[in-house]
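The values are calculated or read from the model by the stated rules, or taken from the named source; none is laboratory data. Note that the coordinates shown come from a computational prediction; the quantities given were computed from them, not determined experimentally. Quick reminder, even Gly has a Cβ in these numbers, built from the backbone with ideal geometry, and neighbours come from all protein chains shown.
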Amino acid sequence: MTCPRLRGSCVDRAILQTGKANFMATDAKEKYVPSAQASGTKGLLLEVTDGNFDQTVLKSDQPVMVDFWATWCGPCKALAPIVDEVAAAYNGKVKVGKMDVDSNPATPQRYGVRGIPTLLIFKNGKVQEQIVGYVQRDVIEKALNKQLTT
C-alpha cells in the first residue's frame, strides 16, 4: 500500500515526516495501549516501540503478534477491533502488541514493512507469519493457531 499523500510506502512517509530512520528509543519497559473497544480488552495490547521491541517481542517466551499501524490509516482503524478481539481470545497464549509506524520507523524498516496494516507473528525471536492489509479474524486466528501447534 502506498501513502495517499506521498509516493512511496507508508514507512517511507513516516521516515520523511520524522527524519528519524535510525532513531532508537531507550525505554525498554512494557507499556499497554488502550484498545479500540470500550471495554473487555483494555490492558491486553502491548505498546511496542523501537526501544522495547527486542525485549518485548524477540525475547518473549510466548508467540507475539505485532500490529504495525498509523493513526491516519483507514484500514488500520478497521482492523483494530479485530486485533482487540484476538488479544482477548488468545490472552495468556499469545502476546499482542501495536506499533505506531509514524513514531517508530526503525523497526518497520528493519522487517521490511512496506504497507500498513501489517501483522507480523514472531516465535522464538523470528518472524513466522506476515499478514498485510485488512483481513477477517479467522485469517489471523489460523496463523496464530499454526504457531501454537508447532
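Structure notes:
- Strands (runs of 3 or more DSSP E) enclosed by segment 58-150 - at least 2 residues per element that are among the aromatic types (Phe, Trp, Tyr) and in contact with a helix residue (DSSP H, G or I) (Cβ under 7 Å, 6 or more places away or on another chain): 64-69
- Condition check for ALA89: at pLDDT 95 or above and more than 13 Å from the chain's Cα centre (by Cα): yes
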